[in-house]
């Protein structure tokens, strides 16, 4: 392959990757829910989706939620971030209050 063809192919690959990143970013949830009881998460998610038309991400404990939040903050493809975080207070591994404190510490 000629150098010019390689550069064009590389540019095309970069554009495809940006498009995929953009699609992935734009589909990200705006609400992060975390609770260790799935029966609590399901109705809450249905209400948020039905009434407010917002997509939700769910976590089963505070540690997973903090990791999800931090991962969303490190994205470089767009500025889409969680707009709301709803939590249970008592959970295994990391409770809701401790998780919320860690999340607030990492806000810009």
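The values are calculated or read from the model by the stated rules, or taken from the named source; none is laboratory data. It should be emphasised that the depicted structure is a prediction, and the values quoted were computed from it without experimental measurement. Note: ideal-geometry Cβ built from the backbone for every residue, glycine included; neighbour counts use all protein chains shown.
The table below lists the values:
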| read-out | value |
| --- | --- |
| Test: residue in the stretch 13-28 that is at pLDDT 55 or above, touching a strand residue (DSSP E or B) at 6+ places or on another chain (Cβ under 9 Å), surrounded by 10 or more Cβ atoms within 10 Å (Cβ to Cβ) and at negative phi | yes |
| Of all residues in the stretch 67-76 being more than 18 Å from residue 38 (Cα to Cα) and at pLDDT 85 or above, the one that is surrounded by the fewest Cβ atoms within 10 Å (Cβ to Cβ) | 71 |
| Every residue from the stretch 77-97 that is more than 11 Å from residue 36 (Cα to Cα), in a loop (DSSP other than H, G, I, E, B) and in contact with a helix residue (DSSP H, G or I) (Cβ under 8 Å, 6 or more places away or on another chain) | 77, 78, 80, 81, 82 |
